[in-house]
Each structure stands twice: as structure tokens, then as C-alpha cells.
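See below for the structure under consideration.
Computed from the coordinates by the stated procedures, all read-outs in this text should not be read as laboratory data. These numbers were taken from a predicted model, which means no experiment stands behind them. Every residue, glycine among them, receives a Cβ derived from its backbone with ideal geometry; neighbour counts consider all protein chains shown.
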Number of protein chains: 2
Amino acid sequence: MLKISELAAKTGLSTHTIRFYEKHGLINASERSEAGYRYYDDVDIRRAQFVKTARNIGFSLDDISQLLSIRVDKTSHSCQEVTDITQYKLDEVNARLVELQSMQNTLEILLESCCGGPENATHCSIMDALEAGDVKSTRSAA
Amino acid sequence: MLKISELAAKTGLSTHTIRFYEKHGLINASERSEAGYRYYDDVDIRRAQFVKTARNIGFSLDDISQLLSIRVDKTSHSCQEVTDITQYKLDEVNARLVELQSMQNTLEILLESCCGGPENATHCSIMDALEAGDVKSTRSAA
DNA sequence: TATAAGCTTAGAGTTAGCTCTAAGGTCAAC
DNA sequence: GTTGACCTTAGAGCTAACTCTAAGCTTATA
């Protein structure tokens, strides 16, 4: 049985984050001491590590909630439910990649167009492009 | 001279956002009617469009503040200042791209590993991988 | 002249995921 | 027995960029 700081050390989460995840139903201490100290058993620890792993991949806390509810009763859930969550996440990531690549492209073009030197910015071609608005729109959402 | 809703129509910003930008010093109505209505002249309009363009590219409001302070007095600022801001943004974008590409890669591998069928999730290889933690860590920040 | 559309302000709410604080109780070591 | 590290809670604060609300003027149209 680990105390919260030990679980923190083991998972790389902070104690604050562990309590925060508990508040949101992601992890849980299956025991408490008389004084109220949280104690985590092996099942708790594996669950916390699962959350950390999923978080590292980029799943949101909501995604992870869904994955966890599958995890606690795998026989009642299908592989398809799991792939649906994963595919949805991949779609999100791909959409954001498209946006960022467009931003990257625009910024690179701007940088190539400007001397970047100590001359004053009166004829700066980056400023000119921003003035003229002749740059691709890359953002659909932040 | 445009009223706020007309500026909104012209720039694609909402009236809420225009007031919000004003509160943050990005744009400004150079005149007010007796009743307090905002009126925007050509200079105001061009500034608002500059902000919108920069925002579309992905610059933050803080970045845009800096660009605007260069814009109002170009002779006191160098091209290098402009390229510095742009390069910094590009570095940010590139860093995020690396993260997202790693996420994309991990998610694709997970999806390939799983049948995605109606079978129950007892032997789901995505769940197994998340359990085992044998996936790359892709996140340094959200 | 009445109604509706549009404008004003200050300020609260939203999203996601933490991060920190205050005030106090617990525990192990010296 | 006292220091100091660690634990508890509720709740506030943070970031970024909006987004919305309420309460009340103003203006244009019919």
C-alpha cells in the first residue's frame, strides 16, 4: 500500500493532480487510514498508471473516463468501442495537424520574404503581408 | 465611419470580440457618437483587419500586441524584431507539430493492433497496450 | 408613436487541466 | 516533546480567448 506521495513518485503525477483526478472520478484510494490518509493498493496503482499512460498519449480526461469504464468491465464492451474512442482522437489530432502545418507553411513563407536585418521596419515584407491580409487563413480553432 | 456591427461584418470578428480586443488594447474606435456609440475610421478598420489576419495565422493576442507596437512606428523598429516574433511563433508551432505527430503515430499503431470488431474487450490490444504502458510518451504540454 | 434592432457597460461564465493556498491534523525521528 | 515533513479539506486562482448576460439607452422603421 502506497501513500499519496509514493504513488506520485511511482506514476510521475503530482499529489495535487492525483487528488484532482480523484475528484473527477479517474482514480481512487481503496483504503483510508484512521486519520484519513489515502492508501493505494496494486489495483489502484495500475489504474493510476493506466491514466498516466493514456494522458501521455494525449487522451483527454473525458476520453480516459470512457476508457476506464470499459476497463472495469471488459466483457460488457467491444473492441469497437475502444477503437471508436481511439479513432476519434486520431481524427482530432489529424485535424489539428492540418492547421498547424498550414501555420508552419505560412510562417516559413513570411520568414523567407523578410531580410530580418537591422534595417527599420518601414518596408518589412512580413508587416506588408499582414497589412495586405494576403496570407492563408489557417485557424479554425485555437 | 463604421459602427461596431459594420466593422464586425467587414472583419469577420464578432462585436463581442471587437470590444474584447479593445479592452486589451488591440483595436480602438477613434470616435464616439454623443450617445457613446463606437465609430471606426479607415485607420481603425485597417488595424482591425491586421489583427484578424495575424490571429488567423495563429499569433496570440500578446504576439499581436507586439506586432502592433512595431506597426505604429516602423521607423523605430527593425525587421529583425519582426522576424524574431515570427521565428518564435514558428518554433512553437514546430514543437507542437512534433508532439502531435508522435500522438498520431502512437494512435495509428494502436488502431492497427486492434481488430475493432464486436468481440468483447477482454483481449483488446489497445487496452493491453495502455495497461502495459508500452506506448511512447508524446506530451510535454497540452 | 410604438416597436424592434442595435448600442452601452461591468462583470460573470466557459473550457481544460491543472496548481496553489490556508488552516489545520498526523507521524516519525531525534 | 518538539521539530519538520507529510497529510487532510474546501475552495480559489491560473491560462487564453473568447462568449454571454443584464439592465438600460438610442436609433431606425412602419
> Hey, for A:F20 with labels 7 Å out along Cα-Cβ, what do the inter-copy distances come to in nm, ordered shortest first?
Replying inline: 2.3
> Hey, with R₀ at 41 Å, roughly what FRET efficiency would B:D41 and A:E112 work out to, going by the Cβ-Cβ distance, to 0.05?
Replying inline: 0.75
> With helices defined as uninterrupted DSSP H runs, which ones in chain A have an alpha carbon span along their own long axis of at least 18 Å and mean Kyte-Doolittle hydropathy of at least -1.0?
Replying inline: A:42-57, A:79-113
> Say a label goes 7 Å from Cα toward Cβ at A:S113 in every copy; what distances in nm does this one have to the rest, shortest first?
Replying inline: 4.5
>> If I model a spin label as a point 7 Å beyond the Cα along the Cα-Cβ vector, how far apart are those points for B:K136 and A:S65 in nm?
In response: 3.0 nm
>> Starting from the Kirkwood Rh over alpha-carbon pairs, what translational D in µm² s⁻¹ does segment A:78-142 have by Stokes-Einstein at 37 °C and 0.692 mPa s?
In response: 227 µm²/s
>> To make sure I understand, if each residue's beta carbon is the centre and we count other beta carbons within 10 Å, what order do A:K74, B:K23, A:K136, B:K52 fall in, fewest to most?
In response: B:K23, A:K136, A:K74, B:K52
> Which whole-number percent gives the relative contact order of segment B:78-142, counting Cα pairs below 8 Å spaced six or more residues apart?
Replying inline: 35 percent
> Rounded to the nearest 0.05, what FRET efficiency do B:K23 and B:D73 have when you use their Cβ-Cβ distance and R0 = 35 Å?
Replying inline: 0.95
>> What whole-number distance in Å separates the alpha-carbon centres of segment A:1-20 and segment B:38-58?
In response: 48 Å
>> Contact order normalised by length for chain A, with contacts defined as Cα pairs under 8 Å and 6 or more residues apart; what percent is it?
In response: 15 percent
> Relative contact order for segment A:1-58: what is it in percent, counting Cα pairs under 8 Å that are at least 6 residues apart?
Replying inline: 36 percent
> Considering only the label points, 7 Å along Cα→Cβ from Cα, what distances in nm to one decimal separate B:K136 from the same position in each other copy, shortest first?
Replying inline: 2.4
>> Quick check on the protein assembly as shown: helices-only [θ] at 222 nm, where DSSP H runs of length 4 and up contribute -39,500 (n - 2.57) each and the sum goes over total residues. Nearest 500, please.
In response: -20000 deg cm²/dmol
>> With every atom except the alpha carbons ignored, what do you get for Rg and Dmax of segment B:1-58, in angstroms?
In response: 10.6, 37
> Which whole-number value in Å³ per residue fits the convex hull of the alpha carbons of chain B?
Replying inline: 175 Å³
